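The values are calculated or read from the model by the stated rules, or taken from the named source; none is laboratory data. Because the structure is predicted, anything quoted here is derived from the model rather than measured. All Cβ positions, even for glycine, are placed from backbone atoms using ideal geometry, and neighbour counts span all protein chains on display. These accessible areas exclude ligands, DNA and RNA; they are computed on the full protein's heavy atoms, side chains included. Shrake-Rupley method; radii C 1.70, N 1.55, O 1.52, S 1.80 Å.
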Amino acid sequence: MPRRFAVLGLPTLVAALAATPTLGHFQELIPSTDIVTQATGPALRLDLSFTHPMERGPVMPMGEPVRFGVLGPDGDQDLKGALKPTEAGGQRAYQADYWVRTPGDHVFYLEPAPYWEPAEGVLIIHYTKVVVDGLGGGEGWDADVGLPVEISPLTRPYGLWTGNLFRGIVKRKGQPVPFAEVEVEWRNDGSVTPPSDPYVTQVIRADGNGVFAYAMPRAGWWGFAALITESPVPGPEGRPVPVEAGGLIWVQVRDMK
Ligand SMILES: [Cu+2]
């Protein structure tokens, strides 16, 4: 903790901590590959866990997802039946297998169960998606699923090189959100130690049209989380609590070799 906090009185410190958004909680939806080819074969595995990607944990337990599906060349398919409970970091997570039958872009999407974060007194719902290029065909990568909060990619979200700029539009109920806050995290494979807190979760703001941009400096999976505070709903004790509704997208970048 930075020294500055030490001089704050306890009530101010508690207030300051309460005001901090739930930095770093990220719903992961990671496919075994983002580009399915004849060589990879049509089988895909998707790993779902609620965690802190850059810090490699801790993992939070997932409740049973509300929605899980894929929007692609075969239409909008409900994949809830394919979800298998598993474990990540000792906590409940999920996995699903999918077989690419028809060439085209596959937008996998997830509406997780609301997660109650007692430390912040907030309900968290991270609507998450990832786009997989299924055997070419390249149509549909920018199709909106219609999630309550969603990032519409302006950059095709696969086949990206390290250093590429990713651009997207933050949408709430289909409408752009001016100046929306977007958290960015790299899914750490253990090869990077953030020098200080600000490097764990980076924060960018969309412009007046809801458009944001970020240049991805390292190979691997990058998560973008547009966070919107929605009006309160009854919490676990029945009292109204704020809702952090996130629209997330994961993209993978590779080094030019
Ligand atoms: Cu967190």
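In the chain, helices alone account for a calculated mean residue ellipticity at 222 nm of -1000 deg cm²/dmol, with every DSSP H run of four or more residues adding -39,500 (n - 2.57). Our compactness index for the chain, the C-alpha radius of gyration over the empirical 2.2 N^0.38 Å, is 1.01. Within the assembled protein chains, the solvent-accessible surface assigned to Arg67 is about 90 Å², based on a 1.4 Å probe. Take every pair of alpha-carbon atoms less than 8 Å apart whose residues are at least six positions apart; their mean separation over the length of the stretch 105-174 yields a relative contact order of 28 percent. Cross-link reach is defined here as a Cα-Cα straight distance under 24 Å, omitting same-chain residues fewer than 8 places apart; for Lys173 the lysines meeting it are Lys80, Lys129. The distance between label points at Tyr199 and Lys173 comes to 4.2 nm (points 7 Å beyond Cα on the Cα→Cβ vector).
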